[in-house]
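Input: one structure, supplied below.
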Amino acid sequence: GRVISQLFCSGEKEVDLAVQSAKAAFKIWSQMSGMERSRVLLEAAREQREEIATLETINNGKSIFEARVDIDISWQCLEYYAGLAGSLAGEHIQLPGGSFGYTRREPLGVCVGIGAWNYPFQIACWKSAPALACGNAMVFKPSPFTPISVVRLAEIFTEAGVPKGLFNVVQGGAATGQFLCHHPDVAKISFTGSVPTGIKIMEMAAKGIKPVTLELGGKSPLIIFSDCALENAVNGALMANFLTQGEVCCNGTRVFVERKILDVFTKEVVKRTQKIKIGDPLLEDTRMGALINRPHLDRVQGFIKQAKEQGAEVLCGGDLFVPDDLKLKNGYYMRPCVLGNCTDDMTCVKEEIFGPVMSILPFDTEEEVVERANNTKFGLAGGVFTRDIQKAHRVVAALKAGMCFINNYNISPVELPFGGYKASGFGRENGRAAIEYYSQLKTVCVEMGDVESVF
């Protein structure tokens, strides 16, 4: 609840300065070879793990344990795209009569990244690494709730040798985002955040015919079959619900449990949830820190209250937590919550809560649970726990979701594309797939003989 810094919102003038600066840097960067860009990205992907992780914990409220993992993944992302930068190429096609054609993979120009507050530094790396590897410039707007750590990334890029202004940061809320989306010199927009904001960004981008990548919300299913390895499934359910205080878009918050093991699974999940250490996120043994701000904490609490009114049973947690440390007494802490006696029509099961709230639902057959799992407007992720590998592959093939996990959950290797179906957005971050969203193909036809005129 304490102020850690004061920042000014970037207005139309500042946004234009940032874009023009990025545009000038783009002229230099786009003419560098892939190997030259690769060396700069590798130089940026260096240590400082503890410094940046501490900054991120103060910035967001997540545990230092998790923040270190975020920084590790961020550097892996830069290293991965540094490896790809030197190999980006088009192709040569032989045509009749000795003529030929070829394609060039070219950068887009100035790209805009708009980040979310749950993974501020990591999301900035996920967007900037492929953009810069392809030869683009980027203007990045972090969430106004977590404005700090991305500024450090901008410093790191500059220190590593990118042209001045290639990665610019502007601060602000919706108005700043609108200035970015409407700017005529912006070539592409990549947004991570809520569905309503994603819709607005898509509308603004349409007016300028700008390509968009949207990574939006989710209400993902986690399916626990009776033939699972129970301890592993419990670990998966905790990972799928309580990372970053439950503030994760792909969390598996609808936990479908085969009725045969419902009681034993639920009992073990509740026992483990009650043992989660809450408190000062900078302490080594803390596993759950503070939620992002007071309005969001109140919103999550409102979902739990409504769930009880609709017939759900609070099996543990859901109440506010006041740490013993006096300096944390105004922090936005709550105990992780497990809800039982849930049904598919409850608000807590249908809507994205974005907090540490797990809803457990029983099921009887594979066919039934797949149908229920897909009965949502979202399609970001889904998970299956079973020892039957044929069943596992059969179920994930049937799930209408972009990210699926078998016997694990919430792992995001940078080598694999990340993104959703339906209202969870479109386009992909990470993997080779992201290259397609930060570059464009130019086709060149070369005639080696005389033009045959039909006139």
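Can you run down the residue pairs with Cβ atoms below 9 Å, 6 or more apart or on separate chains, where the first is in the range 249-264 and farther than 13 Å from residue 350 by Cα and the partner is part of a helix (DSSP H, G or I) and basic (Lys, Arg)?
Hits for this filter: 256/372.
Confirm whether residue 178 is open to solvent by 10 Å² or more (accessible area, probe 1.4 Å), free of Cβ contacts under 8 Å to residues at least 60 places away in the same chain and within 25 Å of residue 408 (Cα to Cα).
Here the answer is no, as residue 178 does not meet what is asked.
Is there a residue being touching a Phe, Trp or Tyr at 6+ places or on another chain (Cβ under 9 Å) and more than 23 Å from residue 379 (Cα to Cα) anywhere in the range 304-321?
Yes, the conditions are met somewhere in the range 304-321.
Moving on to the next point. Search the range 94-108 for residues that are open to solvent by 80 Å² or more (accessible area, probe 1.4 Å) and pair each with any residue that is basic (Lys, Arg) when their beta-carbon atoms are under 7 Å apart and the residues are at least 6 apart or on different chains.
Here the result reads 104/442, each pair linking the range 94-108 to a residue that is basic (Lys, Arg).
If you don't mind, another one. In the range 266-288, what count of residues is obtained for those that are open to solvent by less than 10 Å² (accessible area, probe 1.4 Å) and more than 30 Å from residue 419 (Cβ to Cβ)?
Adding up the residues that qualify gives 2.
Across the range 250-265, what is the total count of residues that are within 25 Å of residue 69 (Cα to Cα) and either surrounded by fewer than 17 Cβ atoms within 10 Å (Cβ to Cβ) or at pLDDT below 95 (or both)?
0
Based on what the data block shows, is residue 391 outside the structural domain of residue 63 (by the TED database) and without any contact (Cβ under 8 Å) to a residue 40 or more places away in the chain? Let's see the steps before the verdict.
Details: outside the structural domain of residue 63 (by the TED database): yes; without any contact (Cβ under 8 Å) to a residue 40 or more places away in the chain: no.
No, not satisfied.
To keep it simple, each residue is scored yes or no on (1) under 19 Å from residue 140 (Cα atoms); (2) open to solvent by 80 Å² or more (accessible area, probe 1.4 Å); (3) assigned to a loop (DSSP other than H, G, I, E, B).
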residue	(1), (2), (3)
38	no, no, no
55	yes, no, no
83	no, no, no
89	no, no, yes
111	yes, no, no
116	yes, no, yes
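Would you tally the residues in the range 417-451 being without any contact (Cβ under 8 Å) to a residue 40 or more places away in the chain and open to solvent by 100 Å² or more (accessible area, probe 1.4 Å)?
Residues meeting the conditions: 3.
Out of everything in the range 227-247 that is open to solvent by less than 10 Å² (accessible area, probe 1.4 Å), aliphatic (A, V, I, L, M) and under 17 Å from residue 336 (Cα atoms), what residue ends up being nearest to the chain's Cα centre (by Cα)?
The qualifying residue nearest to the chain's Cα centre (by Cα) is 240.
Go through 73, 64 for me and flag whichever is of a type in the set (Val, Ile, Thr) and open to solvent by 20 Å² or more (accessible area, probe 1.4 Å). If you could, list the steps in order and put the result at the bottom.
Working: 64 fails: open to solvent by 20 Å² or more (accessible area, probe 1.4 Å).
From the options 73, 64, the qualifying one is 73.
When you check residue 341 against the structure, is it surrounded by fewer than 21 Cβ atoms within 10 Å (Cβ to Cβ), touching a strand residue (DSSP E or B) at 6+ places or on another chain (Cβ under 9 Å) and within 28 Å of residue 117 (Cα to Cα), yes or no?
On the way: surrounded by fewer than 21 Cβ atoms within 10 Å (Cβ to Cβ): yes; touching a strand residue (DSSP E or B) at 6+ places or on another chain (Cβ under 9 Å): yes; within 28 Å of residue 117 (Cα to Cα): no.
Here the answer is no, as residue 341 does not meet what is asked.
Could you pull out the residue among 357, 314 that is β-branched (Val, Ile, Thr) and without any contact (Cβ under 8 Å) to a residue 40 or more places away in the chain?
On the way: 357 fails: without any contact (Cβ under 8 Å) to a residue 40 or more places away in the chain.
From the options 357, 314, the qualifying one is 314.
The values are calculated or read from the model by the stated rules, or taken from the named source; none is laboratory data. Remember, it's a predicted structure, so these values are computed and weren't measured experimentally. Note that we place each Cβ from the backbone using ideal geometry, even for glycine, and neighbour counts take in every protein chain shown. All accessible areas refer to the heavy atoms of the entire protein, side chains included, with ligands and DNA or RNA removed. Shrake-Rupley method; radii C 1.70, N 1.55, O 1.52, S 1.80 Å.
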